[in-house]
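The values are calculated or read from the model by the stated rules, or taken from the named source; none is laboratory data. Computed from a prediction, not measured in an experiment: that's the story for all the values here. Here the Cβ positions follow ideal geometry from the backbone for every residue, glycine too, while neighbour counts run over all protein chains shown. The accessibility values were calculated without ligands, DNA or RNA, using every heavy atom of the protein model including side chains. Shrake-Rupley method; radii C 1.70, N 1.55, O 1.52, S 1.80 Å.
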Amino acid sequence: MAKSPKQPLFTYAKDWHNNACINGFHPEHWAYSEGYRQAAELLIAHVDATRSDQDTLVYPIVFLYRHHVELMLKRIISTALDLVERPERYKQKTDNHNLNTLWPMARSLVRDIDNTFPRDNYATLDAVVNAFIESDARATAFRYAQNRTGEPSLAGMQYINTRHFGEMMGKASYELDCMDSHLLYLRGLQNEQRADWGC
C-alpha cells in the first residue's frame with residue numbers, strides 16, 4: 001500500500017474562507033478571549049435550535065465561557081497595573097487559573113484606579129465568578145470527569161440550563177467588556193497626558 005504524502009496539520013489552503021489568520025488582524029489577547037466567548041455562544045445556539053446535544057455540549061460550553069472570563073480578568077489586571085500607582089502592591093501570581101485570586105485582584109485594581117466606577121457595573125459578573133469559584137475554582141471540573149482523587153468533578157450538580165447559563169454569561173461578558181473599555185479609555189488619557197508633558 002502506497003504511503004500517503006505527509007501533510008502539515010496547521011496550513012494554508014485554497015479555500016480562503018477557511019483560512020484563519022493567526023498573529024494577524026486582531027490583538028491576540030482579544031482574539032483568544034473573544035474566540036472562546038463566540039464558540040460558547042454558537043454551541044448554546046446549536047442546543048437551542050436543534051433541541052439536542054445538551055448533555056455533551058454543556059461541558060465545553062461552560063469551560064469556554066469560564067476561560068473567556070479568566071482571559072478577560074488577566075487582560076484587565078494587565079491594563080490596570082499600567083495605570084495604578086505603586087503597582088508592586090498588587091504583584092501576585094496571575095499565571096494561574098484560579099478565579100478566586102484573579103477576580104478580587106481585578107476588582108480591587110479597578111476601584112483603586114477609579115473609585116467612582118459603580119459596583120452595579122459588575123453585579124452579574126460578581127455573581128457569575130462566585131458561582132464558578134464554588135463549582136470550578138481551578139478550571140478542571142468541566143474538563144475532566146474526575147478530580148485528582150478519583151471523585152466525580154461535579155458531584156451534587158444535576159442540571160445546567162444552557163439557555164439560562166448563556167444569558168447570565170452574556171451579561172457578565174458585557175460587564176467585563178465595560179470594565180476593560182473603561183481601563184483602556186483611562187490608559188489612552190494617560191498616554192495623551194504623558195505625550196503633552198513630554199514623558
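Rundown of residues vs (1) out of contact with any helix residue (DSSP H, G or I) (no Cβ under 8 Å at 6 or more places or on another chain); (2) exposed (fewer than 13 other Cβ atoms within 10 Å of the Cβ); (3) in contact (Cβ under 8 Å) with a residue 60 or more places away in the chain, yes/no style:
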| site | (1), (2), (3) |
| --- | --- |
| Asn130 | yes, no, no |
| Ile133 | no, no, no |
| Ala141 | no, no, no |
| Arg148 | yes, yes, no |
| Ile160 | no, no, yes |
| Phe165 | no, no, yes |
| Ser173 | no, no, yes |
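Thr79 falls short of the stated requirement of being of a type in the set (Val, Ile, Thr), modelled with pLDDT of 95 or more and assigned to a helix (DSSP H, G or I).
Among the conditions (1) open to solvent by 40 Å² or more (accessible area, probe 1.4 Å); (2) in contact (Cβ under 8 Å) with a residue 60 or more places away in the chain; (3) of a type in the set (Asp, Glu), the only one that Asp114 does not satisfy is (1). So for segment 84-96 (the condition being open to solvent by less than 40 Å² (accessible area, probe 1.4 Å) and under 20 Å from Leu64 (Cβ atoms)), does at least one residue qualify? Yes, because at least one residue in segment 84-96 is open to solvent by less than 40 Å² (accessible area, probe 1.4 Å) and under 20 Å from Leu64 (Cβ atoms). For segment 47-73, the candidate set comprises residues that are surrounded by 12 or more Cβ atoms within 10 Å (Cβ to Cβ) and free of Cβ contacts under 8 Å to residues at least 40 places away in the same chain; within that set, the residue that is farthest from the chain's Cα centre (by Cα) is Asp53. Taken over segment 74-83, the criterion of being crowded, with 21+ Cβ neighbours inside 10 Å and among the small types (Gly, Ala, Ser) is satisfied by Ala80 alone.
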